[in-house]
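Laboratory data are not the source of any read-out in this text; all were calculated from the coordinates shown. Owing to the predicted nature of the structure, the values given are computational and were not obtained by experimental measurement. With ideal geometry, Cβ positions are generated from the backbone for all residues, glycine too; neighbour counts draw on all protein chains shown.
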Amino acid sequence: MRKLALSLTDGRGFDILLVAVPLGFLLALSGLPLLYNVLMSFQEVDMFSLGSVIRPFVGLANYKALFAEPETWPIFANTAIFVTASIAGQFVIGFGLALFFWVNFPGASWLRGLFLISWIMPGLVVGAVWNWMLSGDFGVINFLLREAGLISRNIFWRSDPNFALWAVILANIWLGTSFNMILLSVGLSAIPEDLYEAAELDGANVWQRFVTITLPMMRSSIGAILSLGLIFTLQQFDLFAAITSGGPNNASNVAQYWAWDLSFKQYDFARGATISVIMILFVMLASVIYVRSTRQEVRG
Amino acid sequence: MSIRMCLMAGAVALAGIPALGMSHASAEEITLRIWSLDKPEQPAWNLAKEFDDKEPNIKVEYRLIQFDDVVSEAMRAYSTGQAPDIIAIDNPEHALFASRGAFLDLTDMISKSSVIKKENYFKGPLNSVTWKDKLYGVPKATNTIALYYNADMFRAKGLDPDKPPQTWDELLAAARKLNDPARNVYGLAFSAKGNEEGTFQFLPWVQMAGGSYKHINTEGGVKALTAWKTIMNEKLASPDSLTRGQWDSTGTFNAGNAAMAISGPWELNRMTSEAKFDWRVALLPIPQPGAERSSAMGDFNWAIFSSTKHPAEAFKAIEYFASQDDKMFAKYGQLPARSDITLPATGDAKKDAALKVFQEQLKYAQARGPHPQWPKISKAIQDAIQAALTGQMSPKDALDQAQKKIDAVLG
């Protein structure tokens, strides 16, 4: 008994306790719902059997029905475009800004802090603001483009099938850039100064220093930010709800919004769960990349 | 997305817990639980309170639910045995619950009631509480859509404000005349949004042309969608009508950026304070002279859950609510779903004139459905509207595709 108490306060037991609490928490609040979601995707679910766990098992019928829908592939393609374009935009602009603030001119640090405002704004608020800015008749973006002479007639960002998805991407890039910038700034500041000094003495120019020192030293930060970006973009829901609602005609619909629409607007919970399961696979892929790139970081 | 799923699963699990501590209602005083989306300045909140004060032996617990949550909350509660006694439910969702036996059959109670009489209600609202010839609820209120127009702009463009457009052709002709891009004025404002609002606005057109939600790809349906397409193609309405709801669309009318607008009586209070011009309301234009009139029918119904332990008391509460119907417009601007009530004048000439038109239009209002899978039918129609208006499909093809999906649901 004393041995157990001792082990619990200072020993293996303590280690196990430390691991068991968060693990139990994760299992109860993430693991079980996740399994429940997977289970639902193999069942026939309607709203009146929502309270029970045992429901008619239908095998892969939900998956087959899903891929028989004409809108399925376009929506998954939209999701891919949305994720790729959002991450690319967020990363390139974020990296650029991080390098810019790295120069450390007067006021750089608090200016960098101000950029975080976009990240702490609730998604629905960001969505509502962009909704106004992107409005076809009175939106400020059209006004600026028109005054600058770039367009001769208004672009209907939200309602033109050619632009709707890009309208949401634009808003999402704005939303996520500062987060990219901050994480990359942290990575940049961890690179030892003397590396650059030595390279400079050896006659390496700016571009060579960037490619041979900055990029390799940033590998783990970049891996982490890209996989986090994938997770955050696949989670992005508020902007769709606020700007286009997935319309017009699914032109800006993506998997995550579609799953919600099916579950909570059309009450097709099984179909909604099916899409979620497919998305879980992609997020798991991102998690593997994330874990691998941060593991390297720890080993340093 | 999986997070939402998790939350839901968690809520289902938690909903079981309060069941343990709930069975201590005393023998003489019973508790009625009422759910509705009405806020303190709206009817149900106050009616529930009045009923609570009036009946010494009945305690009323009122719970406010957000519009988006009504159905999912109710489903969850019913499937876990936690349903309230009374709920206010949006009319297209009524059949879903009635068809699954979640709502109490009120047919006998209504036939014996001295307050609620079947024949006093408009056909559309009554139809929405009906499932297989039985009544599963009582219409709480009703609304419909009609054509608002800016009489000042009519005069400025040489149109007679006393002769609003009667047919679709006249509507289009008027919109063309009123359209003034140089001044940022569109001829018409309406909503073709890809949600229930789009269906709500579109179905009346189909019905006037002789179609219905069951037969959407008929000649009439195609004619209706083609008329909408003409409006969009000629830019007689803002292209943003595709992603904008009725409230925002009518906002542009109030601001003088649209000369006509299709919307409902819920706009009246805002329009009275915001619109600084001579606005009027006309019946929805019909496809050709002599065609049948039709309109959309909105608003909520009262229903009693079949799991209630106090059906008599719950019905008594609904009887009390119905007995107050005649005061609802003056107090809260809500239109009763009844033909036997003459609404008193409000004193505002424009509002009173508009009210007359809406009451006339209500006679032609048709319920959406009733069908237990209404959201799926509605979605098929929304998709067709959006596919046609964005030019990705012809109206005929889009409606053919919708018909296929609707046939699959109707079986």
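Helix-only estimate, please: 222 nm mean residue ellipticity of chain B, summing -39500 (n - 2.57) across DSSP H runs of length 4 or more and dividing by its residues, to the nearest 500.
-13000 deg cm²/dmol
Explain nothing, just the number: dipole magnitude of segment A:60-299 about its Cα centre with +1 on each Lys and Arg Cβ and -1 on each Asp and Glu Cβ, in debye rounded to the nearest 20.
360
Once you have all Cα-Cα distances for segment B:171-325, histogram them in 10 Å bins from zero and send the whole-percent values.
Spelled out per bin, shortest first, that is 10, 32, 29, 16, 10, 3, 0.
Any chance you could give the angle, 0 to 90 degrees and rounded to 10, that helix B:374-389 forms with the longest Cα principal axis of chain B?
20
To the nearest 20 Debye, how big is the dipole of the protein assembly as shown about its Cα centre, given +1 on the beta carbon of each Lys and Arg and -1 on that of each Asp and Glu?
620
Apply 1/(1 + (r/R0)^6) to the Cβ-Cβ distance of B:Ala182 and A:Phe138, taking R0 = 22 Å, and write down the FRET efficiency to the nearest 0.05.
0.90
What full-extension length gain, to one decimal in nm, is calculated for B:Lys39 and B:Lys356 as 0.36 nm per residue of separation minus the Cα-Cα distance?
Here the segment from B:Lys39 to B:Lys356 would lengthen by 111.4 nm.
Suppose we keep just the alpha-carbon trace of segment A:60-299; what are its Rg and Dmax in angstrom?
Just the Cα atoms of segment A:60-299 yield Rg and Dmax of 20.7, 67 Å.
Once label points are set 7 Å from the Cα along Cα→Cβ at both A:Ser49 and B:Asp348, what is their separation, rounded to one decimal in nm?
With each label point 7 Å from Cα toward Cβ, the separation is 5.1 nm.
Only loop residues by DSSP count here, and only those with at most 16 other Cβ atoms within 10 Å; note down the chymotrypsin sites (Phe, Trp or Tyr not before Pro) in segment A:117-151 that meet that.
Loop-located and lightly packed - A:Phe138.
Between B:Asp278 and B:Arg293, how many nm apart are label points set 7 Å from Cα along the C-beta direction?
2.3
If packing is taken as the average count of other Cβ atoms within 10 Å, what order do A:164-172, B:394-402 fall into, highest mean first?
A:164-172, B:394-402
If the only charges are +1 at each Lys and Arg Cβ and -1 at each Asp and Glu Cβ, what is the size of the charge dipole of chain B around the Cα centre, to the nearest 20 debye?
Once rounded to the nearest 20, the dipole reads 700 debye.
Roughly how crowded by other chains is peptide A:51-60, in terms of the mean Cβ count from those chains within 10 Å of each of its Cβ atoms?
2
Write down, largest first, the equivalent ellipsoid semi-axes of the protein assembly as shown in whole Å, where each equals the square root of 5 times an eigenvalue of the alpha-carbon gyration tensor.
49, 37, 23
Evaluate the relative contact order of segment A:60-299 (contact order divided by residue number), counting alpha-carbon pairs under 8 angstrom at least 6 apart; express in whole percent.
Result for segment A:60-299 is 28 percent.
At q = 0.12, 0.18 Å⁻¹, what base-10 log of I(q)/I(0) does the Debye formula yield for segment B:114-198 when every alpha carbon is treated as an equal point scatterer in vacuo?
-0.61, -0.85
Where does helix B:349-362 land angle-wise versus the long Cα axis of chain B, in degrees 0 to 90, nearest 10?
It works out to around 80 degrees.
I'd like to know which of B:Ala322, B:Tyr136, B:Ala402 lies farthest towards the positive end of the charge dipole of the protein assembly as shown, counting +1 on Cβ of Lys and Arg and -1 on Cβ of Asp and Glu.
Going by the Cα projections, it comes out as B:Ala402.
Ordered by packing density, taken as the mean number of other Cβ atoms within 10 Å over each peptide's residues, highest first, how do B:358-365, B:141-148, A:217-224 rank?
B:141-148, B:358-365, A:217-224
Using only the alpha-carbon atoms, how far is helix B:43-54 inclined from the longest principal axis of chain B? Give it as 0 to 90 degrees, nearest 10.
30
Placing +1 on the Cβ of each Lys and Arg and -1 on the Cβ of each Asp and Glu in segment A:60-299, which of A:Trp258, A:Gly187, A:Ile87 has its Cα farthest towards the positive end of the resulting dipole?
Checking the options against the dipole of segment A:60-299, the answer is A:Trp258.
Using a Förster radius of 51 Å, what is the FRET efficiency between B:Asn269 and A:Leu26 based on their Cβ-Cβ separation? Nearest 0.05, please. Walk me through the intermediate numbers first.
On the way: r = 50 Å, r/R0 = 0.99.
It comes to 0.50.
Give me Rg/Rg_expected for chain B, where Rg uses Cα atoms only and Rg_expected = 2.2 N^0.38 Å with N residues.
1.03
With unit charges on the beta carbons (Lys and Arg positive, Asp and Glu negative) and the dipole taken about the Cα centre of segment A:60-299, which residue among A:Trp102, A:Ser293, A:Ala241 sits farthest to the positive side?
Farthest towards the positive pole: A:Ala241.
Mean residue ellipticity at 222 nm from the helices of chain A, using -39,500 (n - 2.57) per DSSP H segment of n ≥ 4 over the full residue count, to the nearest 500 deg cm²/dmol? Could you put the intermediate results ahead of the total?
Details: 16 runs with 205 residues, N = 300.
About -21500 deg cm²/dmol.
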